[in-house]
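Here's the structure we're looking at; comments come further down.
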Amino acid sequence: PMPTFRADDSNSSVEAGKSSREKTFLSSCAETSFSLKNGELLTESEAARAAFFGTGVCKHAAEDSAVASSAASDEYSCELLFSGFAFSFVDSSPAELAVLSLHDVKVDATWDSQRKGYAKSTVVVGWLQLDNHCPGALYPVALCPRPRKADFDDSEKKPFTAEKPFLELQLDFSPRHRTGIQCLSAGVALRDAFIFIDLAFIMRVQRYLLRIQDHMMASTGKSHVFVDSQGSWDPPNIDELIKKMTSTTIEVGNKSIFLQRLTILPCKVKLSVAPAQALTKYQEMFEGEEAAAIHAAVRKGDILVGEGSGGLGVKIGGKNRTALAVMQGMLKSILVDALIRCDGASLNFDGVALFNQLSNGQQLATYLGAHYLASLIANVPSLIGSLAAFGNPVGLMRGVGEGVSDFVNEPVKGFKRSIEEMDPTFVVSGVARGAGSLGRHTVGGFAGSAAMLTETAAKNMAVLTLDRKYAQKRDRLMKLKANGGKGVNIVRGFESGVQKLVHGILEGVKGVVSKPIRGAERDGFEGFAKGIGKGLLGLLVKPVIGTTDFLTDSLIGIKGAVESTDSESYLNVHNQIRPRRALYGRDRVIRPYRIDDASAATIQARSCLGGEEYYDHVDMVKQVALMSVNQLLILSEDGEEVLRLYFQQIKKVEVDYRDGSCLLVFYLNETKQDGTEREEVKCEDEKLAKLLCDKLMEVISAIEL
């Protein structure tokens with residue numbers, strides 16, 4: 001019972017008010033107690049949930065709960081496992097530009113139809129790789145995960161797999177809110193990656209994507225003119241393009257998102273950039289004029305950078321017609337090569353951690369963009385220090401530091417194990433491993449750094465010769481990998497260096513005679529005078545270039561010999577998932593991918609049939625018959641040419657048997673100079689011989705029609 005108080009007349013009205021509030025309070029307590037006993041009152045967690053969703057604590061919450069419980073809510077769970085996906089990108093030439101592959105993909109998701117509970121989804125990608133199929137690419141793989149030591153120790157490991165997945169994405173969605181605000185938690189874990197690119201590949205991919213965008217905009221009625229002309233391809237305005245692409249999704253982007261948690265783990269990227277390689281005549285024919293012009297412009301340094309657009313462009317078809325323009329072109333080529341070419345630049349990107357943030361899609365994208373831009377700016381010193389023009393001093397210091405670390409840590413590890421095993425040999429083994437690591441990293445680091453300096457000097461001197469064909473031919477020579485690839489040793493490096501030294505001397509001497517003659521044939525006396533100048537300049541510079549190339553390859557051989565066990569060797573782990581796609585016939589018809597046709601087309605591109613369209617092939621066990629749209633080429637096991645004929649020369653083909661052997665007999669339309677009217681090729685299998693006959697007659701019939 002509540003206590004009672006005696007009040008005088010002056011305070012009677014106040015006491016009456018208090019008595020009324022006390023009665024209301026007592027009535028509320030009694031009602032609450034009754035509701036609690038009958039189970040009509042919400043628990044603390046239910047009341048908190050009802051208060052958060054704005055439905056009231058007592059009456060309204062009970063009503064909403066009753067309504068919600070009356071509607072059935074189905075729960076769903078989904079688990080998808082894929083061995084992998086491969087996306088082939090074919091440009092308008094047509095030619096396959098790149099292949100993006102995802103391996104060991106796993107998708108898990110759980111949700112309910114009424115969105116009353118939490119929905120969860122997880123995406124895991126075991127391996128992601130982007131293959132560069134541009135001809136002459138120094139790095140066949142443009143993007144892949146950075147390998148760990150355990151990936152090399154397991155020799156039985158499946159290709160394109162690793163201990164940890166490349167990408168892990170987890171999303172948790174809270175129950176639906178009546179205001180429409182989406183509440184979620186997200187986590188992203190990205191494995192360290194290798195990026196190996198050249199500018200020609202970047203330019204061709206950028207043009208490919210912009211043309212896809214033009215097609216999509218044209219199909220939706222939104223006009224966007226792709227800037228292209230015979231003279232130049234201007235850099236695209238990326239900001240404007242993004243605005244146009246997102247103009248239909250502004251409403252969605254402005255929707256509020258409540259991030260309970262957003263976590264993106266830090267990652268490291270090892271970046272290498274190589275200049276574009278010159279294409280051969282056959283490669284230019286196959287890739288098309290546009291792609292060949294891009295490669296030539298990038299190699300000359302005719303690069304356009306859009307101000308504020310973030311895009312790149314190239315100036316196509318530019319020519320230096322005056323002495324000043326020639327000097328400017330040389331300096332531009334040297335400058336672009338110095339600022340672009342880098343080897344193994346280590347970029348560290350900080351992680352992101354956000355808690356209880358209310359934002360929208362555009363604000364979140366702006367924040368993440370600013371965060372990673374700041375991380376990229378912080379890595380500028382590392383990028384500059386990794387430029388090949390400076391000899392990659394950052395990589396040198398990093399390698400020597402790893403050697404010093406091993407020199408200290410390995411004996412300590414051996415000492416600890418010696419105490420545990422009571423065996424002193426572990427100490428000796430640890431000292432040997434530490435000293436060996438220090439020696440390898442020190443010698444290999446200095447050799448690699450010196451090789452970059454000499455290679456840069458030789459490349460710049462090749463520009464100064466004013467002989468573009470010589471520079472392109474030098475680019476196409478077989479180059480040793482300066483990062484410890486397989487098969488690179490001192491002997492091979494010395495052998496390659498001697499060949500390039502001899503090549504430089506011979507080119508210098510030959511140019512003294514050939515340049516004046518070619519100049520006179522083209523421009524008369526003026527061309528003859530220019531030819532004499534170019535010949536004398538080449539006689540002085542080209543032997544020096546050959547000597548520098550000799551030093552470069554010798555240093556690369558030393559580096560490869562001492563770092564043959566380097567765990568991050570490019571060639572040890574980076575292989576394309578498959579050969580470049582084969583395109584069939586003169587029209588380059590795209591068919592379902594066949595690895596045997598792709599392999600045969602790759603062999604054809606490297607043979608004397610390079611530049612011609614692929615038609616078909618026949619595997620003859622110990623030989624292979626390659627058929628382009630014009631010729632037949634039969635190669636032996638070791639790649640030697642057995643037979644080469646134009647289809648117009650073939651009258652008919654028959655299978656003959658002689659001395660228990662199966663022979664393919666090619667009857668010719670015209671007698672050869674030696675008087676023979678037919679060619680014979682031995683075949684191991686009768687069925688394969690008949691198959692080749694049928695295909696040849698099919699091709700010949702198609703040509704006649």
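Rounded to the nearest 5, what % of DSSP beta bridges with both residues in region 576-643 are antiparallel?
Beta bridges within region 576-643, antiparallel portion: roughly 90 percent.
For a quick protection proxy, order the peptides 360-369, 608-617 by their average other-Cβ count within 10 Å, most packed first.
608-617, 360-369
So, R0 is 51 Å and r is the distance between the beta-carbons of Leu506 and Tyr118; what FRET efficiency does that work out to, to 0.05?
0.10
Taking a threshold of 22 Å on the Cα-Cα distance, which of the pairs Lys500/Lys530; Lys281/Lys469; Lys106/Lys158; Lys473/Lys515 fall above it?
Lys500/Lys530
Restricting things to Cα coordinates, could you compute the convex hull volume per residue of region 101-142 in Å³?
80 Å³
Please report, in whole Å, how far the alpha carbons of region 152-213 spread along each principal axis, starting with the longest.
Result, largest extent first: 50, 42, 16 Å.
What ranking of Glu521, Glu507, Glu284 comes out by heavy-atom accessible area, probe 1.4 Å, highest first?
The residues order as Glu521, Glu284, Glu507, largest area first.
For region 496-655, take the alpha-carbon Rg, divide it by the Kirkwood Rh, and send me Rg/Rh.
Result: Rg/Rh = 1.13.
Translational diffusion coefficient of region 338-387 at 4 °C, 1.567 mPa s, Stokes-Einstein with Kirkwood Rh over Cα pairs, in µm²/s as a whole number.
The estimated diffusion coefficient comes to 101 µm²/s.
When you count, for each residue, the other Cβ atoms within 10 Å and take the mean per peptide, how do 621-634, 106-119 rank with the highest first?
With the highest mean Cβ count within 10 Å placed first, the list reads 621-634, 106-119.
Once the piece of chain linking Thr676 and Arg417 is laid out straight, how much longer is it, given 0.36 nm per residue of separation minus the C-alpha distance between them?
Answer, rounded to one decimal: 85.5 nm.
Please list 3J(HN,Hα) in residue order for region 659-667, calculated via the Karplus relation 6.51 cos²θ - 1.76 cosθ + 1.60 where θ = phi - 60°; whole Hz, with x for glycine and proline.
Rounded to whole hertz, the list is 6, x, 10, 8, 10, 9, 10, 9, 8.
Using unit Cβ charges (K, R positive; D, E negative) and no other charged atoms, how large, in debye to the nearest 20, is the dipole of region 592-658 about its Cα centre?
Charge dipole, region 592-658, about its Cα centre: 200 debye, nearest 20.
The values are calculated or read from the model by the stated rules, or taken from the named source; none is laboratory data. Values in this document were obtained by computation on a predicted structure and should not be read as measured data. Every residue, glycine as well, gets a Cβ built from its backbone with ideal geometry; the counts of neighbours run over all protein chains shown. To get the accessible areas, we keep the full protein, side chains included, count just its heavy atoms, and leave off ligands, DNA and RNA. Shrake-Rupley method; radii C 1.70, N 1.55, O 1.52, S 1.80 Å.
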